[in-house]
1. So which of 119/187; 82/191; 2/119; 2/191; 99/119; 55/119 end up more than 29 Å apart by C-alpha?
2. Explain nothing, just compute: Karplus ³J(HN,Hα) = 6.51 cos²θ - 1.76 cosθ + 1.60, θ = phi - 60°, for every residue of the stretch 150-164 in order, whole Hz, x for Gly and Pro.
3. Could you tally the net charge around residue 174, taking each other residue with its Cβ under 14 Å from the Cβ of residue 174, Lys/Arg +1 and Asp/Glu -1?
4. With a cut-off of 8 Å between alpha carbons and a minimum separation of six or more residues, what is the relative contact order of the chain in percent?
5. What is the sum of charges around residue 187, taking Lys and Arg as +1, Asp and Glu as -1, for the other residues whose C-beta is under 13 Å from the C-beta of residue 187?
6. Name the helices (complete DSSP H segments) of the chain with a Cα length along the long axis of 15 Å or more and a Kyte-Doolittle mean of at least -1.0, or state none.
7. Of all the C-alpha pairs in the stretch 120-188, what % are more than 14 Å from each other?
8. Consider just the alpha-carbon atoms of the stretch 1-117 and return their Rg together with their Dmax, both in angstrom.
Amino acid sequence: MKVLVAGSTGKTGRRLIGELKSRGHYPIALVRESSDTSTLPSDVELRFGDLTELKEDVCEGCDVVIFAAGSGSHTGVDMTDKVDRDGAQRLVDLAKQAKVSRFVMLSSVGADNPDPKSKLAHYLQAKHESDEYLKASGLSYAIVRPVRLTDEDGNRSMLFGDTVDVDGIAARGDVSAVLAEAVDDEKWDNKVLTMQSI
């Protein structure tokens with residue numbers, strides 16, 4: 001399948017590109033003109049676009065779209081809104097317009113019911129609104145909500161749903177494996193699951 005990856009140059013996105021290739025998919029990296037693409041495989045197709053101003057045809061020809069982007073921990077609330085909420089929702093609209101078969105969303109633990117007292121309250125609210133928007137879109141979807149991310153590769157041993165320790169960790173390698181699996185595994189059909197590495 002042709003899979004458009006938003007956030008492809010990020011710490012999780014880079015791993016995700018490799019996971020998709022290893023499973024026989026054809027990843028297309030959505031990147032900004034200013035993005036450092038040196039960490040991506042040289043043979044990966046690049047599609048230029050900015051999540052704050054996506055073009056109408058950004059999802060054309062793609063079978064699946066994965067949103068694995070994030071505004072980053074050093075940006076303000078405005079950029080969180082522009083990327084994690086507005087950008088994600090716009091990408092959902094364009095994916096629907098392009099008739100993709102599934103939209104996979106990288107969300108976060110806590111996005112189901114954002115705690116207004118949390119230091120991540122604004123980010124979690126943005127993720128919550130994007131998740132709800134996707135669920136209401138009519139697209140086939142999978143929403144993955146990992147606990148605290150680490151930069152480890154992981155060993156592909158994971159827990160999902162109610163068995164997850166919300167104070168646990170999720171290795172980015174494991175997260176990327178789950179996102180790639182959700183592309184075409186029926187067990188992810190219209191599911192929202194928290195996850196952790198074990």
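FYI, it's all coordinate maths here, none of it is from the lab. As the structure is a computational prediction, the values presented were derived from the model and not from experiment. Don't worry about glycine lacking a Cβ; one is built from the backbone with ideal geometry, like all the others, and counts go over all protein chains shown.
1. Details: 119/187 33 Å; 82/191 25 Å; 2/119 37 Å; 2/191 21 Å; 99/119 37 Å; 55/119 33 Å.
Among 119/187; 82/191; 2/119; 2/191; 99/119; 55/119, the Cα-Cα distance tops 29 Å for 119/187; 2/119; 99/119; 55/119.
2. Coupling constants for the stretch 150-164: 10, 8, 7, 7, x, 10, 6, 9, 9, 10, 9, x, 5, 7, 6 Hz.
3. Combined, the nearby Lys, Arg, Asp and Glu give +1.
4. 20
5. Values: positive: 102, 191; negative: 181, 184, 185, 186, 189.
With Lys, Arg at +1 and Asp, Glu at -1, the neighbours total -3.
6. Details: long enough: 11-22 (18 Å, -0.88); 121-135 (21 Å, -1.36).
Membrane-span-like by this criterion, though nothing is claimed about a membrane: 11-22.
7. Working: 1550 of 2346 pairs.
Everything past 14 Å amounts to 66 percent.
8. Cα radius of gyration and Dmax of the stretch 1-117 are 13.9, 45 Å respectively.
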